[in-house]
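To start, the structure itself, in structure tokens.
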Amino acid sequence: MQIYDCFAPFYDLEYGHKDDDIDFYLDLAEKVKGPVLELGYGTGRIGQLVAGLGKDVLGIDNSVEMLKIARQNISGTKEEGKIRFYCGDMRYFALKQKFSLIIIPFRSFLHNLTLSDQSAALNSIKKHLIPGGILALDIFVPIYSVISRLEWDDEITPDELAESDCQISIKVHVTHEPENQILNISNTYIGQNGSKTVCTMRYRYIFRYEMEALLQAAGFQDIQVWGGFDRQPYNFSSGIAVFTAKNEKN
Ligand SMILES: C[S@@+](CC[C@H](N)C(=O)[O-])C[C@H]1O[C@@H](n2cnc3c(N)ncnc32)[C@H](O)[C@@H]1O
């Protein structure tokens, strides 16, 4: 059982309408030749649109339940023949194929919880990029007003969801381990009839120069960082950092 197996039935409801990052990833995909690999594929929010450009996409995710929904989402669509799935771990995958673009949208990289997880993922990625191939990912930036706290609650109301008439509300409880740079997130999904499903996940947040150092240590070149998906200059208060980096050319 992987962490997102629990989130899977609610994922599209909570994030299916997130669209701020779409143009950024589609623009990169449009510019490269050959297939695109998405790590932490989820239910296909981005990968399906990449396939819609006519690109062959491989989606890797370690959650069987997320990939089940991803398959349902493309069933009968024109993208169906363009996407393949592989249930695997971004830290340890080994494929014969190489890619000109590997993307990790929506902070999936932060599910690598230790330095060795982060390094293993970047080393696996590098092995699967063609010379000069591009890695693109985004992470949230741990702004001080958020990480000055050790514990907090939040709520997502039905009108913030993809279908506002679904009558599900989400209570979020977060605990923070500053010494480990870990946020423990617990979402309680409350249905109209009062039913409750509790799902938990952990993120290890990463600072801007920490991410750059990780990429450099893994041998990536031409590392670029932006403060958002319009490629605006990096700005700590934007709450987001978007990275691209290249595999060395032979
Ligand atoms: C925040 S979701 C992002 C999904 C999708 N990329 C999107 O943008 O909507 C994170 C995804 O990463 C997957 N994931 C987490 N850790 C992983 C790992 N070690 N290897 C592969 N997938 C992982 C989860 O199962 C989940 O589907």
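The values are calculated or read from the model by the stated rules, or taken from the named source; none is laboratory data. Computed from a predicted structure; not experimentally measured. Cβ placement follows ideal geometry from the backbone for every residue including glycine, while neighbour counts extend to all protein chains displayed. Accessible surface is based on the protein model in full, side chains and every heavy atom, while ligands, DNA and RNA are left aside. Shrake-Rupley method; radii C 1.70, N 1.55, O 1.52, S 1.80 Å.
Examine region 169-189 for a residue that is surrounded by 13 or more Cβ atoms within 10 Å (Cβ to Cβ) and charged (D, E, K, R), and state whether such a residue exists. Yes: one or more hits. With respect to (1) open to solvent by less than 30 Å² (accessible area, probe 1.4 Å); (2) in contact (Cβ under 8 Å) with a residue 24 or more places away in the chain, the lone exception for residue 225 is condition (2). Selection of first residues in region 74-102 that are under 22 Å from residue 28 (Cβ atoms) and open to solvent by 70 Å² or more (accessible area, probe 1.4 Å) and of second residues that are among the small types (Gly, Ala, Ser) and more than 14 Å from the ligand (Cβ to nearest atom), restricted to Cβ pairs under 9 Å at least 6 apart or on distinct chains, gives the following pairs, ordered by first then second residue: 78/52; 98/34; 98/133. Looking only at residues in region 194-211 that are farther than 30 Å from residue 166 by Cα and free of Cβ contacts under 8 Å to residues at least 24 places away in the same chain, which one is least open to solvent (accessible area, probe 1.4 Å)? Top of the filtered list is 210. Among the residues of region 153-168, those identified as open to solvent by 60 Å² or more (accessible area, probe 1.4 Å) and under 17 Å from residue 200 (Cα atoms) are 153, 154, 155.
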